[in-house]
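Data block below; observations after.
The values are calculated or read from the model by the stated rules, or taken from the named source; none is laboratory data. All of these numbers come straight from a predicted model, not from anything done at the bench. Virtual Cβ from ideal backbone geometry, glycine too; neighbours counted across all protein chains shown.
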Amino acid sequence: MIVNMYVDHLMSPSPASAEEVWNATRVHSKLFSDAAQRIGLTPSEYKEFRNNLLAGKAIYLTLPRRVDAMSGARGGSVYAVKNAVMTKPIMGWRVALADGNVVYVPQICGNISLLRHAAIAQAPLRLASSPSRPGHQVTLNKHKPARYVKADTIEPETPVVMTPDAPAAPATVAQAIPSAEESKGASPFAFLLPAALGGLLAGTVHGAPSTSTPVCSLGSNSDFACKK
């Protein structure tokens, strides 16, 4: 399933600055606090995120294509897409937290997102202080390796799109068939081609996988659709 975050946005219109994002967290406090909880932020992390927005510590850049969780809102319900993968490069703000987690805010929708330990993963390894005596070993200041996680506990990737345009409807077979007036004087074999094309298209459409329609509490699909 592809989730359309442009439709399931937290902010509309799109914010022009990090200050506007902060103001939205103030005006729509419950919406954003619920979203923060859904993506896995603790109350203290969410408070730090808001303080960093207000302090000018948000960096505007191209967001990473994958985040651990991205929030969305649909039909009054807030939800989170786990292991979300953006299908195209998206601009937005990066807000680093003291514990190494990073909150990302796509500009087009304002949906707060979380990438765990991103700051730690990107930090270069540094040598400790110089050895004071011969034979003293030099160690690296590196963090402990991540705890082993079972393969079956890893969330599957969920593609995320952020586009205001729904996919164009395919042309119908009827549009390819000429009218009776247009067909006068045409070869008797001219009707065989549209019929053959019609059968081919029908077979293709019949065999093509359909886009699944999710429950609205889980978001909308790329066709802007969801079911109650």
What residue, of Ala36, Ala69, Ala24, is closer than 13 Å to Ser113 by Cα and in a helix (DSSP H, G or I)?
Ala36
From Leu53, Leu61, Leu114, grab the single residue that is in contact (Cβ under 8 Å) with a residue 24 or more places away in the chain, in a strand (DSSP E or B) and touching a helix residue (DSSP H, G or I) at 6+ places or on another chain (Cβ under 7 Å).
Leu114
Being surrounded by fewer than 19 Cβ atoms within 10 Å (Cβ to Cβ) and either not basic (Lys, Arg) or not assigned by TED's automatic domain parsing to the domain that holds Val102 (or both) is the filter here, so list the residues in the stretch 30-51 that pass it.
Leu31, Ser33, Asp34, Gln37, Gly40, Thr42, Pro43, Ser44, Glu45, Asn51
